[in-house]
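Notes to accompany the following structure.
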Amino acid sequence: MTIDLPDDSLRSAGSLTSASRLVELGSGAKIPVVKPHFSAPSVSAGYDIKPPRYKLSGVATFYDNGTTAMRLPRGTVIRICGPTGKCIDRVVTDYGPIAGTNRIVDLYRPDFFAICACAAWSGTVKVTVGVY
């Protein structure tokens, strides 16, 4: 026993009826494929980043518990660039370094050596910190 819907407008657009024809794959029947056409904006090889609100220059060292900056609150997004031009984007996770030192930021050890490109015994590197 089948139950019909009271009105054809309530029937799904893809529903099967007794007059529907099914085609098996490989039977030779061609099913037309319609691909949507859209236009996408052109993209250049480079990219643009938002300019920082301000920049700080000074010395960075490594710290094993995250990224710290004494002049910035936790959660601030910063871009740290080393002398070789390598930059990383990080979020300030803690307060530090100690006041009275010439350090402006302490970096997580792998981040420090990623921007420093210096020997493992190195302790400090000059950096520029962009605040976003």
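None of the figures in this text is laboratory data; all of them are computed from the coordinates on show. This is a predicted model, so every value here is computed, not measured. FYI the Cβ positions are ideal-geometry reconstructions off the backbone, even for glycines, and counts take in every protein chain you see.
Find, among the trypsin sites (Lys or Arg not before Pro) in the stretch 58-132, those assigned to loop by DSSP (not H, G, I, E, B) with at most 16 other beta-carbon atoms within 10 angstrom.
Of the trypsin sites (Lys or Arg not before Pro), the ones in loops of the stretch 58-132 whose Cβ has at most 16 other Cβ atoms within 10 Å are Arg71, Arg74, Lys86.
Just need log10 I(q)/I(0) for the stretch 54-131 at q = 0.16, 0.25 Å⁻¹, Debye formula, equal scatterers on the alpha-carbon atoms, no solvent, rounded to two decimals.
For the stretch 54-131, the Cα-only Debye profile gives -0.47, -1.24.
Just flag the chymotrypsin sites (Phe, Trp or Tyr not before Pro) in the stretch 51-125 sitting in loop per DSSP whose Cβ has no more than 11 other Cβ atoms within 10 Å.
Trp121
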